[in-house]
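The values are calculated or read from the model by the stated rules, or taken from the named source; none is laboratory data. Quantities reported herein were computed from a predicted structural model and do not represent experimental measurements. Note that we place each Cβ from the backbone using ideal geometry, even for glycine, and neighbour counts take in every protein chain shown. Surface accessibility is based on the protein's heavy atoms, side chains included, excluding ligands, DNA and RNA. Shrake-Rupley method; radii C 1.70, N 1.55, O 1.52, S 1.80 Å.
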Amino acid sequence: MAIKTVGVVGGGLMGSGIAQTAAQAGYDVLLAEVNQELLDRGMRRVHGAWEMLSGKGRITADQAAEYRGRIRGTLELNEFADRDLVIEAIVENLDAKRALFRTLDEIVPAGRILASNTSSLPIIEMAAVTQRQDRVAGLHFFNPAPVMKLVEIVRTILTSEETVSELREFATTLGKTPVVAKDTAGFIVNFLLIPYMLSAIRMYENGLATMRDIDSGMKLGCGYPMGPFELLDYVGLDTTLYAAEQIYKENPDPANAPPTLLRRMVQAGRYGKKNGKGFYNLDETSGAR
Ligand code: 3HC
């Protein structure tokens, strides 16, 4: 069936970016949050992005108004009864995600697709609580979702071929390139990216080079848009630690083991760009070295 209406649960950085992308591509989008303050914040982020794009002349004022008309916020998941596709982008907590999938399974008509944007949790654990295990898959976007061109479609052992092909079509209409991954921790990109970022932390921890030099090395030596420490701050240290723990659980290779410094940063409440305190403004004369 053709997807026309999209529901996004979670108005954080990823959820609002996904909702923005879908509205820009012409879908009717409903964005859900758990309280008014978080919903307002998510909607403000989406509207702010369109103001930024129209300020830069990338879109016209008419286009911005058209996009705004395609997205609506709600606090009521019951409103998802008319959604063709629902994408979950809530906190990375399996119990919370399973509870949400159970609720969505009761509200969203049978046969419609339920997808998760999780970075590293097993999709099958969410599918297992529904009565539509063939219609559940991962749909993993990259930060910033409106800009990054990739979407990973995660196929569980029970996801149907039809679901994968409808999600491929959906991702393509968003202007993204879909790739299909098995339901294993890290999928494709994080399975490679997380140990790379952990290695950079270990290099720094072991005093082999400064953060800035490690970042310059990868930017100028390999043409990466950000060095590993800039990327860690950008993606979030809590998010990286959590993903590393999931990947390590399934693949207990030392390269996937979170370094102590990453744990200490998270324990110190330094999550990166999201709270303005990450590796980059760590006082380099402090005990971090
Ligand atoms: N909506 C639409 N467009 C947006 C946007 C938004 N919300 N935010 C930024 N843009 C556009 C800007 O308008 C700009 O377009 P222009 O070139 O036409 O003016 C373009 O994106 C680039 O933005 P900026 O000029 O502000 O910034 P940079 O040129 O420095 O690029 C970056 C920023 C795209 C983030 C780049 O540094 C980059 O690609 N970094 C690497 C990001 C990355 O690796 N992400 C993946 C992380 S891993 C992940 O997400 C997985 C998770 O599970 C952990």
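Farthest toward the positive end of the dipole of the chain, out of Val147, Pro228, Gln20, is the Cα of Pro228, where the dipole comes from beta carbon charges about the Cα centre.
Think of each Lys and Arg Cβ as +1 and each Asp and Glu Cβ as -1; about the Cα centre, that makes the dipole of the chain roughly 560 debye. Express the relative contact order of the chain as a whole percentage, based on alpha carbon pairs under 8 Å and six or more residues apart in sequence. That works out to 13 percent. Scaled to the globular estimate 2.2 N^0.38 Å, the Cα spread of segment 5-182, given as radius of gyration, is 0.97. For helix 13-24, report the angle its Cα long axis makes with the longest principal axis of the Cα atoms of the chain; keep it between 0 and 90° and round to the nearest 10°. The answer is roughly 40 degrees. Looking at the chain, the DSSP beta bridges with both ends there are about 15 percent antiparallel.
Please report the carbon-and-sulfur percent of the accessible area for the chain; probe 1.4 Å, protein heavy atoms only, DNA, RNA and ligands left out. Taking all protein chains in place, the chain shows 54 percent carbon and sulfur surface. Per residue, the chain reaches -14000 deg cm²/dmol at 222 nm when only DSSP H runs of four or more residues are counted, each adding -39500 (n - 2.57). In the chain, the longest principal axis of the Cα atoms and the axis of helix 237-250 are about 90 degrees apart. Its Cα centre serving as origin, segment 1-100 has a Cβ charge dipole (Lys and Arg +1, Asp and Glu -1) of approximately 320 debye. Measure nothing but the geometry: give the 0 to 90° angle between the long axis through the Cα atoms of 189-205 and the longest principal axis through the Cα atoms of the chain, rounded to 10°. It is inclined by approximately 20 degrees.
Number of Lys-Lys pairs in the chain with C-alpha atoms under 27 Å apart and a separation of 8 or more places or on different chains: 29. Heavy atoms of the protein chains alone define the surface here; on that basis segment 1-157 has 42 Å² accessible area per residue at 1.4 Å probe size.
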